[in-house]
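Read the structure below first, then the notes.
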Amino acid sequence: MSSREIRIATRKSALALWQAEYVKARLEQAHPGLQVTLVPMVSRGDKLLDSPLSKIGGKGLFVKELETALLENEADIAVHSMKDVPMDFPEGLGLFCICEREDPRDAFVSNTYASLDALPAGAVVGTSSLRRQAQLLTRRPDLQIRFLRGNVNTRLAKLDAGEYDAIILAAAGLIRLGFEERITSVISVEDSLPAGGQGAVGIECRSADSEIHALLAPLHHADTSVRVTAERALNKHLNGGCQVPIACYAVLEGEQVWLRGLVGQPAGGLLLTAEARAPRADAEALGVQVAEALLGQGADAILKAVYGEADGE
Ligand SMILES: NCc1[nH]cc(CCC(=O)O)c1CC(=O)O
């Protein structure tokens, strides 16, 4: 068994490659003698960098090609940012490992201003996340949100070129790529509730491949898994695709999980929030419960308007 090879399907972005290399290193460390290779590929989401994700829509924009490689036995595992992984998996595939979470918060990056609060009226902020936009504009209706996509390096280059006064990125991506010093200030989860799964890396593989499951077991982080399970259950219940104004964040308090959820109007002005606590074993039901509380406040009307726009494009 130690002579076995594991092939990792990965996107070619710097962040995806970092995450694949991280999993490779951890697997080699856990199983001396195991051969681990990367199978880099291009996803639809990587090809359509000019369009807002909310417009090109489609669940799993970044994962479909990787899943096809698993199903066709061209790779054994696929490494994903949990934030980008759809709620449902194709027949024969599943998520069998969630690694320990990096900092889940959003980061404020600016060459001029120290924090969100320091931004002058009318400042231009780059983000293409409806979740970040909804929360920013509710706090600061004066800000101008401007479209920003591309990989982490591209986004930083656009900031440096002077196109924005500040940009918002996930802290985890910056830290992983060695850009931690570019984080001007980390935004508290109270000010910008993260996306479900943000900061966590997950591993997908064939459901029947028990040999691979056993090899992945040492990389699984139970606490992260419980938190991400609650967050994903909330997203799933709200039918959250990869680009919707939904935020959710779970933390552990001893044996309890505390889940906060939020749905916001992309133009700002209306943020629905809900929260609840449950024992770890009920993480999934907790996600549904908080989602239901959001629906009870009218979240479906906000989400329908967003989906309607994305479909019409
Ligand atoms: N949507 C792209 C994406 N997917 C995962 C991360 C960051 C790393 C993570 O959340 O694990 C990012 C970049 C960002 O939002 O700034």
Listed by chain and number, the aspartates and glutamates with an alpha carbon less than 19 angstrom from that of LYS12, same-chain partners under 8 positions apart left out, are GLU21, ASP46, ASP50, GLU65, GLU67, GLU74, ASP76, ASP84, GLU204
Point-to-point label distance, ARG44-GLU91, nm (Cα→Cβ direction, 7 Å offset)
2.0 nm
Electrostatic dipole magnitude of the range 155-291 [Cβ: Lys, Arg +1; Asp, Glu -1; Cα centre; debye, to 20]
240 debye
Computed from the mean reciprocal separation of all distinct C-alpha pairs, what Kirkwood hydrodynamic radius does the range 59-163 have, in Å?
16.7 Å
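Regarding the range 136-205, what is the average projected area of its C-alpha convex hull, in nm²?
Working: hull surface 23.9 nm².
The orientation-averaged projected area of the Cα hull of the range 136-205 comes to 6.0 nm².
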Report for the chain the percent antiparallel among DSSP-assigned beta bridges with both residues inside it, nearest 5.
70 percent
Where the centroid of each part is defined by its Cα atoms, how far is the range 199-275 from the range 121-161 in Å?
24 Å
If only Cα atoms are counted, what is the Rg of the chain, and what is its Dmax, in Å?
19.2, 62
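Which value, in Å to one decimal place, does the Kirkwood hydrodynamic radius take for the range 223-264 when every pair of different Cα atoms is included? Numbers along the way, then the final one.
Details: mean 1/r = 0.0944 Å⁻¹.
Taking the inverse mean of 1/r over all distinct Cα pairs, the range 223-264 comes out at 10.6 Å.
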For the range 183-246, what is the charge dipole size about the Cα centre, in debye to the nearest 20, if Lys and Arg each add +1 at the Cβ and Asp and Glu each add -1 at the Cβ?
140 debye
When all C-alpha to C-alpha distances in the range 183-273 are sorted into bins of 10 Å, what percent of pairs does each bin hold, rounded to whole numbers?
14, 39, 31, 13, 3, 0
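Since every read-out is calculated from the coordinates, none of them should be taken as a lab result. All figures in this text were calculated on a predicted structure; none of them were measured in a lab. Reconstructed Cβ throughout: ideal geometry from the backbone, glycine too, with neighbour counts over all protein chains shown.
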